[in-house]
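Take a look at the structure set out below.
The values are calculated or read from the model by the stated rules, or taken from the named source; none is laboratory data. It should be emphasised that the depicted structure is a prediction, and the values quoted were computed from it without experimental measurement. Cβ placement follows ideal geometry from the backbone for every residue including glycine, while neighbour counts extend to all protein chains displayed.
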Amino acid sequence: MDQNGDTATEASNKRKQPPTPSHERPMKQIKPEANGTHTTAMPSELPPVDDEQASSLGSSMADLPPAIVAAAVHDTAEWQKTIEKVVRNVVSIHFCQTCSFDTDAAVASEATGFVVDAEKGYILTNRHVVGAGPFIGYCIFDNHEECDVYPVYRDPVHDFGILRFDPKAIKYMPVAALTLRPDLAKVGVEIRVVGNDAGEKLSILSGVISRLDRNAPEYGEGYSDFNTNYIQAAAAASGGSSGSPVVNKDGYAVALQAGGRADGAATDYFLPLDRPLRALELVRQGQEVSRGTIQVQWILKPFDECRRLGLSPDLEKAIRTKFPLETGMLVAEVVLPEGPASTKIEEGDLLLKVNGDLITQFIRLDSILDSSVGTKVFISIQRAGENLDVELDVADLHGITPDRFVSVAGASFHDLSYQQARLYAISLKDAGVFVCEAAGSFRFADGYASGWLVQEVDNHPTPNLETFIEVMRKIPDRKRVVMVYKHLRDLHTANTSITTVDRHWHANIRVAKRNDKTGLWDFSTLAEAIPAVPPIPRRANFIRLESSMYPEAVDIVRSFVRVHVQMPIKLDGFPKMSKQGYGLVVDADQGLVLVSRALLPYDLCDISLIIADSIFVDAKVVFMHPLQNYAIVKYDTTLVNAPVKTPKFSTEFIKKGEETIFFGMNQNFRPVVSKTVVTDITTVAIPASAITPRYRATNFDAITVDTNQASHSACGVLIAKDGTVQALWLSYLGERTSHSGKDVEYHLGLATPMILPVLQEIKSGHTPKLRILNVEFQTVQMSQARVMGVSEEWIEKTEQDDPERHQLFMVRKVDSGHEGGLQEGDIILTLNSKLITRAPDLDIMYNNEFLDAVVVRKRQEMSIKVPTVATEDLETDRVINFCGATLHRPHQAVRQQISKIHSDVYISSRARGSPAYMYGLAPTNFLTHVNNVPTPDLDSFLTEVKKVADNEYFRLKVMTFDNVPWVATMKKNEHYFPTIEFLKDSAEPLGWKKIIHECDEGGARDEMALDEVETAVDDME
């Protein structure tokens, strides 16, 4: 596409990700990964991008080549004097783009800008810094004074934007402005790039302008500039330098630093200042910056290529005569379908004249179009040697650049932008509504968070945002609707799926509209939720596996139900916000279903069951087992007219070597049957996830079988030929691997006698109130036990008591908060006089407040009283969203992995583009003080942060997971990140009560967009 040999991957990754932001925590204060390496607090956690996008927008600065820095040091006295003046005008910009919008993902980063009007407080920087969507930020001057900035203009196409600050806020230095002189950018001019080198430090890089006619670099799928020439120079500016002024020896700004190459070449690309100068003048005068378009992307091609496209000798002669210095012409590269030029200009046409003037430069073309909005222009083109004259309407470029988005059912939408349409050469008219944040009810299966075009909802076309809003406002809560959607990368394929519209966690349809006067986006409610339609009873039949050799066993298919779990908020370190799989009906009369906790990690969620692959029915959590990886949910049986079966459960433990039948649901949700043998039964604890603590099963006997079907099935049973269920087959969420970032899932069996006591209690109408030993055990063989001081008498007793497994239990880890009682390294001999050799023996703990234990500690046998803990308090029952961080009490997995709980204010996750992200608060951190006042719990934390005014700095004392204290300073933002509390309340219809503590009038009144939230390692996915 570009005759200069530049590809998307060559264009620099010089945008968005500064390598070591000045406010980032030192490496030692970040929780290490399992392999001993460290995760940093911020830049490594930016949203993942493709290799092609690695050259995408931002403000990143690679490490400076020492030679270039050295060269800049030995400047002449004249340059030194100029630079001293320039440096005072250059600012370091720290900013957040608070949510995904158009081509930009939510991000927190740093960049550079420079003052262009000291009196009114205007700063010029890049458009990819200002961004297309909501922005919060501040700038730091050379003397380290700080003030807030807000956007007053971002160009729809070109890579510049204008920020405003209050000049009165800068008290200790005179604020001066750089003069923009686009006319002084000439080949051979010596220049300096004065930029922000990844923090508030300035770097000064020298170079010489080598080209004025370079086409704008393409940066892959993100934002890219076009329809302008760029200036090229050898300066090797790098990340964080986005928005730096390019100055000449006299101290004039001659260009704006915008990008460069990612392959290490010392080449930089600067935006000419002609259009920024015009925009600045209009903004100064309080006028609208008119921008015209005919929806054609032009590209500068040299005369030799133009001749191949059909340029006639006469015309070449005329152009070369009139413009002796020109070496090329403008050629149509992309013509948008159904745009003003769609039937009149074709790709490959040579541009000759506009309104009778010969045109060879972008600047002149831009100038004519910008002054002709709403009128017609007359364009002469040459196509294959033939001259053609066309008349075109000039459209408003701002009119095809989104300035609002709508939030509904947890996702965000706006009209397709010119940027996206141009990249994929598609029409802006009736393309469908663009999903800028695919979350909530509109989380699509393929995993892309953005780039979707929704074309139908509930069998109604949604060609644009207005129509989409009208369709969505009529859909009641919890209605299941059919969606038709495409992805920009694959417009050939229309995808169809069914979704449940969430109008309860996200009740209102809200619109956010850009306000260029205040720099904020104003939120307002478009429509309130329509209540759900009461469900009606439905009938269905289960499939029959008639060809099976084990008809009684395969009849268990009538006990399996499909389970969908949707979680509106990320809690407890769980990595996903939606899961699906299968559950096993354990009581068809009462509608009780057993589900793995790898599917259902906590009860702030929506649970939907599909019975007999036919009937949708909602369910509620009844019980969650703290150790054994299962939850019991309940559905309304009056809504289900189907022969659901209550299985018969074995009261005897299945034995090693025993033959059994494996019946399960594989990864394609199809039933599989296989005769097999129990290969092993062993006590295990699922490995802890070192990076992000989340629920895991401990202290249970796991069954493995000799069939590969089992490893591919996340849910199933081991069943006898007569249909008696001997064991459940469940999925267990394990650790996240540090090298691949993937979550490990284990598929293991759990013997049915382990669940029967709890099940009987639930069936009788009681919620089990279990007590547990909050310690993790591991097995020790007799050889180890002997060395650790267990007597021969006890070893003999163990061999006699359990001939199959000669083992005892040793305390591997004591949870934080375990007072008195057991210590790490203790070997358990008996509990309440019962010898403990298998995991089921530990069930004695469930109903006893204290246990009399005989243990061996440091080779000494002793009797001790061991306390148990109530499990009702272990589940998270209160959540606070504050400044983009999700806070709750440290959940059970944290207590299992840490020796001391520093505070009951624990950061579980945070939103990208939020103050929490910007100022370096990381998941797994504890907040111990606000403004030096201790905050041991969520109540005291709320009390203290409410004393802090909006947009005001405050101090947080933070403790990392690895017990390293540090102090964060951060600023509240109640407009985009209100303080919201979710409180478990059984009286509420959802089981949770939502309380908005602090928010801005006209601001967001909802938690962050769902998929903008990340736990400690989300970026690795």
Leu938 meets each of (1) within 30 Å of Ala690 (Cα to Cα); (2) at pLDDT below 90 with one exception, condition (2)
* Based on what the data block shows, is Phe977 within 20 Å of the chain's Cα centre (by Cα) and assigned to a loop (DSSP other than H, G, I, E, B)? -> yes
The condition from (1) part of a strand (DSSP E or B); (2) over 27 Å from the mean Cα position of the chain (by Cα); (3) more than 22 Å from Ala727 (Cα to Cα) that His564 misses is numbered (2)
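Which of the residues that make up the range 358-400 are part of a loop (DSSP other than H, G, I, E, B), over 42 Å from the mean Cα position of the chain (by Cα) and free of Cβ contacts under 8 Å to residues at least 60 places away in the same chain?
Scanning the range 358-400 gives Ile359, Thr360, Thr375.
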The strands (runs of 3 or more DSSP E) lying entirely within the range 733-814 that contain at least 1 residues which are in the same structural domain as Leu718 (by TED's automatic domain parsing) and surrounded by fewer than 19 Cβ atoms within 10 Å (Cβ to Cβ) are 743-751
Q. Is there a residue being part of a loop (DSSP other than H, G, I, E, B), in contact (Cβ under 8 Å) with a residue 24 or more places away in the chain, closer than 24 Å to Tyr269 by Cβ and among the aliphatic types (A, V, I, L, M) anywhere in the range 162-176?
A. no
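So for the range 552-559 (the condition being outside the structural domain of Lys474 (by TED's automatic domain parsing), in a strand (DSSP E or B) and surrounded by 21 or more Cβ atoms within 10 Å (Cβ to Cβ)), does at least one residue qualify?
Among the residues of the range 552-559, not one is outside the structural domain of Lys474 (by TED's automatic domain parsing), in a strand (DSSP E or B) and surrounded by 21 or more Cβ atoms within 10 Å (Cβ to Cβ), which makes the answer no.
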Here the residues within the range 836-853 that are within 14 Å of Thr698 (Cα to Cα) and β-branched (Val, Ile, Thr) are none
Filtering the range 513-523 for residues that are surrounded by fewer than 15 Cβ atoms within 10 Å (Cβ to Cβ) and either in the same structural domain as Asn973 (by TED's automatic domain parsing) or of a type outside the set (Ser, Thr, Tyr) (or both) leaves a count of 3
Output for Cβ contacts, cut-off 7 Å, separation at least six or different chains, first residue farther than 26 Å from Lys186 by Cα and at pLDDT 90 or above in the range 317-344, second of a type in the set (S, T, N, Q) and outside any loop (DSSP other than H, G, I, E, B), reads Glu333/Gln297; Val334/Gln297
Take the conditions part of a helix (DSSP H, G or I) and either modelled with pLDDT under 50 or farther than 22 Å from Leu205 by Cα (or both) and apply them to Ile68. Does it pass?
yes
Does Pro923 satisfy the criteria of being part of a loop (DSSP other than H, G, I, E, B), under 25 Å from the mean Cα position of the chain (by Cα), under 30 Å from Leu842 (Cβ atoms) and not hydrophobic (A, V, I, L, M, F, W, C)? no
Reported set for the range 117-133 where residues are surrounded by fewer than 24 Cβ atoms within 10 Å (Cβ to Cβ) and of a type outside the set (Asp, Glu) is Ala118, Lys120, Gly121, Tyr122
Of the residues in the range 126-141, those that are of a type in the set (A, V, I, L, M, F, W, C) and under 17 Å from Phe165 (Cβ atoms) come to Val129, Val130, Phe135, Ile136, Cys139, Ile140, Phe141
Going through the range 76-118 in order, the residues found to be closer than 21 Å to Met970 by Cα, within 18 Å of the chain's Cα centre (by Cα) and either among the small types (Gly, Ala, Ser) or not in a loop (DSSP other than H, G, I, E, B) (or both) are Phe95, Cys96, Gln97, Ala106, Val107, Ala108, Ser109
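So in the range 664-680, with the set limited to residues that are of a type in the set (A, V, I, L, M, F, W, C) and at pLDDT 90 or above, which one is nearest to Tyr746 (Cα to Cα)?
Restricting to residues being of a type in the set (A, V, I, L, M, F, W, C) and at pLDDT 90 or above, the top hit is Met665.
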Say whether the condition of being of a type in the set (Gly, Ala, Ser), more than 34 Å from the chain's Cα centre (by Cα) and closer than 30 Å to Gly292 by Cβ is met by at least one residue in the range 136-149.
no
Counting only strands (runs of 3 or more DSSP E) entirely within the range 857-898, those with at least 2 residues that are surrounded by fewer than 21 Cβ atoms within 10 Å (Cβ to Cβ) are 860-867, 878-882
By residue number, the members of the range 847-873 that are out of contact with any Lys or Arg (no Cβ under 8 Å at 6 or more places or on another chain) and closer than 30 Å to Phe623 by Cβ are Lys865, Val866, Pro867, Asp873
- Item | Residue match in the range 946-961 (condition: outside the structural domain of Asp603 (by TED's automatic domain parsing), assigned to a loop (DSSP other than H, G, I, E, B), under 22 Å from Pro575 (Cβ atoms) and modelled with pLDDT of 90 or more) | yes
#### Entry: Flag if Phe574 is over 23 Å from the mean Cα position of the chain (by Cα) and of a type outside the set (Asp, Glu)
no
Test for Leu330: is it out of contact with any His (no Cβ under 7 Å at 6 or more places or on another chain), farther than 17 Å from Leu388 by Cβ and either in a strand (DSSP E or B) or of a type outside the set (A, V, I, L, M) (or both): no
Being of a type outside the set (A, V, I, L, M) and in contact with a helix residue (DSSP H, G or I) (Cβ under 6 Å, 6 or more places away or on another chain) narrows Tyr485, Tyr418 down to just Tyr418
